[in-house]
Amino acid sequence: MSSMEIRNIPIDKMDGTKTSLNEYAGDVVLVVNVASRCGLAPQYAKLEELQREYGNRGFSVLGFPSNQFLQELSSKEAIQEFCSTTYGVTFPVFDKIRVNGRHTHPLYSELKKTKDDGGKAGRIRWNFEKFLILPNGQTRCFSPRTEPDDPAIVGLIEANLPR
């Protein structure tokens, strides 16, 4: 699937409306599978810092809650409340999806083809795995333990900002 086609995959917003990555065409996008009860949840704060620093220059963090590792809250309302009250999240957090298995969301089916720095692609290993999609369609994968403000991520964001 080309980068143009991945941008056409429908994704559900928390309010039930549909969108796609076309909404972010030309921008640098950081797609992250998130979970409120994960030990890595403090990464929400650094994700929000990136959104605040670069959001007005053509960058967006997109959070995709997933309960595949049994660490996400059960309702949309609880997820939204947790994100806003605990970490002040302003970036879009979408409806819950599956990132592995037979019912993997089509967006993640495509993203999982991206090799990480170790040359591995495939299953999502844990919550907070990060996929940086550049305006030219190139995608980079970063481990869940790689902090959002890691120099490798920030360097790619800054080098590819459209404005």
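Points to keep in mind about this one:
- Inter-residue pairs, beta-carbon under 9 Å, first more than 12 Å from residue 53 (Cβ to Cβ) and in contact (Cβ under 8 Å) with a residue 60 or more places away in the chain and in the range 150-163, second loosely packed, with under 15 Cβ neighbours inside 10 Å and not aliphatic (A, V, I, L, M), 6+ apart: 160/136; 160/138; 162/26; 162/57; 163/56; 163/57
- The one condition from (1) exposed (fewer than 13 other Cβ atoms within 10 Å of the Cβ); (2) β-branched (Val, Ile, Thr); (3) within 21 Å of residue 159 (Cα to Cα) that residue 31 does not meet is (1).
- Among the residues examined, residue 115 does not qualify as more than 13 Å from the chain's Cα centre (by Cα), part of a loop (DSSP other than H, G, I, E, B) and without any contact (Cβ under 8 Å) to a residue 12 or more places away in the chain.
- Test: residue in the range 141-157 that is of a type outside the set (Asp, Glu) and under 18 Å from residue 6 (Cα atoms): yes
- Tally, over the range 118-143, of residues that are surrounded by fewer than 19 Cβ atoms within 10 Å (Cβ to Cβ) and either over 25 Å from residue 26 (Cβ atoms) or touching a residue at least 60 places away in the same chain (Cβ under 8 Å) (or both): 15
- Listed by position, the helices (runs of 4 or more DSSP H) inside the range 1-90 whose residues that are modelled with pLDDT under 95 number at least 3 are 3-6, 76-87.
- Failed condition for residue 147, given (1) at pLDDT 95 or above; (2) in a helix (DSSP H, G or I): (2)
- Only residues that are crowded, with 17+ Cβ neighbours inside 10 Å and either without any contact (Cβ under 8 Å) to a residue 60 or more places away in the chain or of a type in the set (Lys, Arg) (or both) were counted in the range 79-96, giving 6.
- Single match in 102, 123 (criterion: basic (Lys, Arg), in contact with a Lys or Arg (Cβ under 8 Å, 6 or more places away or on another chain) and at pLDDT below 95): 123
Here's the yes/no breakdown for (1) in contact with a helix residue (DSSP H, G or I) (Cβ under 7 Å, 6 or more places away or on another chain); (2) within 26 Å of residue 136 (Cα to Cα); (3) crowded, with 19+ Cβ neighbours inside 10 Å:
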site	(1), (2), (3)
25	no, yes, no
35	no, no, yes
40	no, no, no
58	no, yes, no
62	no, yes, yes
70	no, no, no
77	no, no, no
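- Filter result for residue 137 (assigned to a loop (DSSP other than H, G, I, E, B), out of contact with any Lys or Arg (no Cβ under 7 Å at 6 or more places or on another chain) and more than 17 Å from residue 33 (Cα to Cα)): yes
The values are calculated or read from the model by the stated rules, or taken from the named source; none is laboratory data. Note that this is a predicted model, so its numbers are computed, not measured. Here the Cβ is made from the backbone with ideal geometry for all residues, glycine too, and neighbour counts use every protein chain on show.
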